[in-house]
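A.B. asks: Mind having a look at this structure? Questions to follow.
The values are calculated or read from the model by the stated rules, or taken from the named source; none is laboratory data. Remember, it's a predicted structure, so these values are computed and weren't measured experimentally. Ideal geometry is used to build each Cβ from the backbone, glycine not excepted, and the neighbour counts take in all protein chains shown.
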Amino acid sequence: MTRLVTILLLAGMAFGQETTAPKAPGTPVSDATRRWLQREATNLIAAAERMPAEKYGFQPTPQQMTFAHLMTHIVESNRYMCSGIAGEPLPKASGVTDSDGKDKLVADVKASFEYCRGLLAKLDDSRLSEEVPAFKHTRADVMIFLIADHADHYATAAIYLRLNGLLPPTAKPSS
């Protein structure tokens with residue numbers, strides 16, 4: 001466990017994340033998950049807001065999902081993973097679809113991150129080794145996967161933005 005905490009703290013330092021002490025003794029993994037969730041939420045919401053409404057149907061190739069579908073996929077992933085991590089029943093789907101337009105999709109992405117924040121706020125590290133039945137992996141595994149999944153989704157969103165001549169939220173303009 002100490003090695004995992006060290007890796008998460010070093011990763012935070014490498015990416016300019018706050019590396020303050022945990023909120024409570026014995027919660028370093030849960031605290032790191034909450035910090036990374038906030039970072040990834042900020043980036044993904046900003047990417048969703050940056051893409052013009054008329055480009056939500058963009059897909060680089062027929063095999064890839066549209067930008068709109070990427071957003072609905074993020075929402076469903078958040079609902080599924082965060083409810084699993086928290087040991088809560090999967091909530092009812094929002095009903096927002098790929099064709100509902102940018103405003104509804106952005107609002108749904110925001111709501112899904114708020115849902116995750118609410119559930120993850122209650123976590124501590126006492127049950128990290130328990131299995132999450134829907135995943136057949138430990139709670140710690142699913143927490144790490146949640147953040148890795150967000151990073152993957154942000155990378156996809158950033159590429160879609162760049163392919164449309166837009167700078168991703170985390171990119172710095174050239175001087």
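A.B. asks: I need the helices (runs of 4 or more DSSP H) fully contained in segment 1-117, keeping only those with at least 1 residues that are farther than 21 Å from residue 135 by Cα, at pLDDT 95 or above and charged (D, E, K, R).
C.D. replies: Ranges flagged: 28-50.
A.B. asks: Residue 142 versus (1) in contact (Cβ under 8 Å) with a residue 60 or more places away in the chain; (2) of a type outside the set (Gly, Ala, Ser); (3) more than 11 Å from residue 78 (Cβ to Cβ); (4) surrounded by fewer than 17 Cβ atoms within 10 Å (Cβ to Cβ): which is the lone unmet condition?
C.D. replies: It fails just one condition, (4).
A.B. asks: While we're here: Looking only at residues that are loosely packed, with under 12 Cβ neighbours inside 10 Å and out of contact with any Leu (no Cβ under 8 Å at 6 or more places or on another chain) in segment 156-175, which one is nearest to residue 119 (Cα to Cα)?
C.D. replies: In this case the residue turns out to be 171.
A.B. asks: Can you tell me which residue within segment 118-167, out of those that are of a type in the set (Gly, Ala, Ser) and more than 18 Å from the chain's Cα centre (by Cα), is farthest from residue 30 (Cα to Cα)?
C.D. replies: Narrowing segment 118-167 to residues of a type in the set (Gly, Ala, Ser): 118, 121, 126, 129, 134, 140, 148, 151, 155, 157-158, 165.
Imposing the further condition that a residue be more than 18 Å from the chain's Cα centre (by Cα) reduces the set to 126, 129, 134, 165.
On the way: 126: 10, 129: 13, 134: 20, 165: 37 Å.
This residue is 165.
A.B. asks: Sticking with this one: Could you check residue 85 against (1) over 23 Å from residue 47 (Cα atoms); (2) in contact with a His (Cβ under 6 Å, 6 or more places away or on another chain); (3) of a type in the set (Val, Ile, Thr) and say which number it fails?
C.D. replies: (2)
A.B. asks: Next up: Go through segment 106-126 and give me each residue that's free of Cβ contacts under 8 Å to residues at least 24 places away in the same chain and charged (D, E, K, R).
C.D. replies: Passing the criteria: only 114.
A.B. asks: With farther than 20 Å from residue 42 by Cα and polar (S, T, N, Q) as the only criterion, which of 129, 112, 77 stands out?
C.D. replies: That would be 129, the only listed residue that is farther than 20 Å from residue 42 by Cα and polar (S, T, N, Q).
A.B. asks: OK, next. Condition first: under 16 Å from residue 91 (Cβ atoms) and surrounded by 15 or more Cβ atoms within 10 Å (Cβ to Cβ). Now tell me which residues in segment 118-131 satisfy that.
C.D. replies: 119, 120 - these are the residues of segment 118-131 that are under 16 Å from residue 91 (Cβ atoms) and surrounded by 15 or more Cβ atoms within 10 Å (Cβ to Cβ).
A.B. asks: Taking segment 118-129 as the region of interest, how many residues are out of contact with any Lys or Arg (no Cβ under 6 Å at 6 or more places or on another chain) and in a helix (DSSP H, G or I)? If you could, list the steps in order and put the result at the bottom.
C.D. replies: Our first condition is that a residue be out of contact with any Lys or Arg (no Cβ under 6 Å at 6 or more places or on another chain); within segment 118-129, this holds for 118-119, 121-126, 129.
Filter once more, keeping what is in a helix (DSSP H, G or I): 118-119, 125-126.
Residues that pass the stated criteria total 4.
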